[in-house]
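*Asks:* So that we are looking at the same thing, I have put the structure below in structure tokens.
The values are calculated or read from the model by the stated rules, or taken from the named source; none is laboratory data. These numbers were taken from a predicted model, which means no experiment stands behind them. Cβ atoms come from the backbone with ideal geometry, glycine included; neighbour counts cover every protein chain shown. To get the accessible areas, we keep the full protein, side chains included, count just its heavy atoms, and leave off ligands, DNA and RNA. Shrake-Rupley method; radii C 1.70, N 1.55, O 1.52, S 1.80 Å.
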Amino acid sequence: MNQSDLSRADAAAPVSMRKSYRHIPIRALTESESEVARVMQICNACRYCEGFCAVFPAMTRRLEFGKSDINYLANLCHNCGACLHACQYAPPHEFALNVPQAMAKVRLSTYTEYAWPPALGALYKRNGLTLALALSAGLSFFLMLTVALHGSLWGVVPGGFYAIFPHNLMVWLFAPIFLFAIGALGMGVWHFWRQEEPGPATAPAVGEALQNVLSLKYLGGGHGDGCNNSDDAFSLLRRRFHHLTFYGFMLCFAATATATLYHYLLGWQAPYGMTSLPKLLGIGGGVSLVIGTMGLFWLNCRRHPLQQELSQRAMDLGFMALLFLTALSGLALMLARHTVGLPIALCVHLGCVMAFFATMPYGKFAHGFYRSAALLKWNIEKRLPRRLKLGDD
């Protein structure tokens, strides 16, 4: 319904009911959102891909697609490419349907639209890889300069890296950045969630959504054989590399959390031995992250242009580069802890970590949170009665 429709409806309504809906914002669709609306209208008439992923059964619960519907469906899409390869209306057909590409364009815009503050989201959207590398290099250089002014950048340091940067100093350096990143990301996801709330989250809905997230169910192409490559063959490599990246990050986070408990709860001071729990978790997470990000980078470069949105590549590569550099520099720091290269290795790793957390709410990392929220919405929605009341409902 547009503004003129509202005006006519207002004139026809009883006086007591007029203008009661004027608080509802009317937001025009962007070009990318209009394309998703067009694609979904045609897909809704065809429904050949209904069993492929959660997008299509969610689509069938709608006859029209407003801005909130489009943003929801775009973040529900996992870009597996199965629907593109199966579609009889895909290019070069005159309808030129490309669901993954259309969804990717809208998904990219949601990271900016819901970002807080919005200006930072727009900056990273346009210059993801450049910003990631420049920020990492700049922060690393600043830390190196700080160390050089107060000591030496080359030499064995008795007592480990806490002798270079005391524990309390590192807490004060990272706590504000981490809290800002979590707060900004939380605000963005909250705004996304409130745009179209499906209803109360029940335990079964939360449980199934969590299972979908942890298993990456919808990177299976609807049949469990995986995404389509450019040669039309099925492959589970994207799911595997995503798993390595996601669980590698979680292991690294667990290592940091365990070390924090050791320090504050048990009074055990770092550095910890190679067989300690923080070290084992960190090594496992770092290796998984390196392999996962390298694999995703390789797949990203090999994907067919029709399977992706090329304007999003800078953001994708920036995200992969930061995760890769953070993991690799962390492993290098572990190997350099008793060598003359420890000060430099520490500065590079801390610079990468700080850059990662500073850009976390505005880059590709955010897609995991928005997609998880979309999956929870879907698992709530599909348990509700259909509102359309069509013959097959």
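*Asks:* Only residues that are out of contact with any Lys or Arg (no Cβ under 7 Å at 6 or more places or on another chain), open to solvent by 60 Å² or more (accessible area, probe 1.4 Å) and not hydroxyl-bearing (Ser, Thr, Tyr): list them for region 252-278, please.
*Replies:* Result: Phe253, Leu261, Leu265, Leu266, Trp268, Gln269, Met274, Leu277.
*Asks:* Pairs only if they're at least six apart or on different chains, beta carbon under 6 angstrom, first in region 78-96 and in a helix (DSSP H, G or I), second open to solvent by 40 Å² or more (accessible area, probe 1.4 Å); list them, first residue then second.
*Replies:* Close Cβ pairs (under 6 Å, with a partner that is open to solvent by 40 Å² or more (accessible area, probe 1.4 Å)) amount to Ala82/Phe52; Ala82/Gly222; Cys83/Phe52; His85/Asp232.
*Asks:* Still on this structure, I have one more. Quick check on my filter: what residues within region 251-305 are among the charged types (D, E, K, R) and either assigned to a helix (DSSP H, G or I) or more than 22 Å from the chain's Cα centre (by Cα) (or both)?
*Replies:* Those that are among the charged types (D, E, K, R) and either assigned to a helix (DSSP H, G or I) or more than 22 Å from the chain's Cα centre (by Cα) (or both): Lys279, Arg302.
*Asks:* How about region 329-343: which of its residues are hydrophobic (A, V, I, L, M, F, W, C) and either surrounded by fewer than 20 Cβ atoms within 10 Å (Cβ to Cβ) or within 26 Å of the chain's Cα centre (by Cα) (or both)?
*Replies:* Correct list: Leu331, Ala332, Met334, Leu335, Ala336, Val340.
*Asks:* So is Thr245 open to solvent by less than 30 Å² (accessible area, probe 1.4 Å) and part of a helix (DSSP H, G or I) or not?
*Replies:* yes
*Asks:* Turning to a different aspect of this structure: Taking the condition of being in contact with an Asp or Glu (Cβ under 8 Å, 6 or more places away or on another chain) and in a loop (DSSP other than H, G, I, E, B), how many residues in region 49-77 meet it?
*Replies:* Counting residues in region 49-77 that are in contact with an Asp or Glu (Cβ under 8 Å, 6 or more places away or on another chain) and in a loop (DSSP other than H, G, I, E, B) gives 3.
*Asks:* Might you let me know whether region 60-71 holds any residue that is buried (at least 21 other Cβ atoms within 10 Å of the Cβ), farther than 21 Å from Gly221 by Cβ and among the polar types (S, T, N, Q)?
*Replies:* Within region 60-71, one or more residues are buried (at least 21 other Cβ atoms within 10 Å of the Cβ), farther than 21 Å from Gly221 by Cβ and among the polar types (S, T, N, Q).
*Asks:* Any idea how many residues of region 344-390 are free of Cβ contacts under 8 Å to residues at least 40 places away in the same chain and over 27 Å from the mean Cα position of the chain (by Cα)?
*Replies:* 4
*Asks:* Would you mind finding the one in Leu185, Leu108 that is touching a Phe, Trp or Tyr at 6+ places or on another chain (Cβ under 7 Å), at pLDDT 80 or above and assigned to a helix (DSSP H, G or I)?
*Replies:* Residue meeting the stated conditions: Leu185.
*Asks:* Would you mind telling me which numbered condition in (1) open to solvent by 60 Å² or more (accessible area, probe 1.4 Å); (2) at positive phi Phe142 fails?
*Replies:* (2)
*Asks:* Could you tell me which numbered condition Pro343 fails, if it satisfies all but one of (1) of a type outside the set (Val, Ile, Thr); (2) closer than 26 Å to Tyr247 by Cβ; (3) in a helix (DSSP H, G or I)?
*Replies:* Among (1) of a type outside the set (Val, Ile, Thr); (2) closer than 26 Å to Tyr247 by Cβ; (3) in a helix (DSSP H, G or I), Pro343 violates only (2).
*Asks:* Hey, does region 324-337 have a residue that's touching a residue at least 40 places away in the same chain (Cβ under 8 Å) and not in a helix (DSSP H, G or I)?
*Replies:* Within region 324-337, one or more residues are touching a residue at least 40 places away in the same chain (Cβ under 8 Å) and not in a helix (DSSP H, G or I).
*Asks:* Suppose we filter region 193-244 for residues that are among the charged types (D, E, K, R), touching a strand residue (DSSP E or B) at 6+ places or on another chain (Cβ under 8 Å), free of Cβ contacts under 8 Å to residues at least 24 places away in the same chain and closer than 30 Å to Gly282 by Cα; how many remain?
*Replies:* The number of residues fulfilling the criteria is 1.
*Asks:* Let me ask something additional. Determine, yes or no, whether Pro278 is touching a residue at least 60 places away in the same chain (Cβ under 8 Å) and in contact with a Phe, Trp or Tyr (Cβ under 8 Å, 6 or more places away or on another chain).
*Replies:* No, not satisfied.
*Asks:* Right, something else. Among the residues of region 344-377, which ones are farther than 22 Å from Ala137 by Cβ, surrounded by 23 or more Cβ atoms within 10 Å (Cβ to Cβ) and hydrophobic (A, V, I, L, M, F, W, C)?
*Replies:* Ala366, Ala374, Leu375, listed by residue number.
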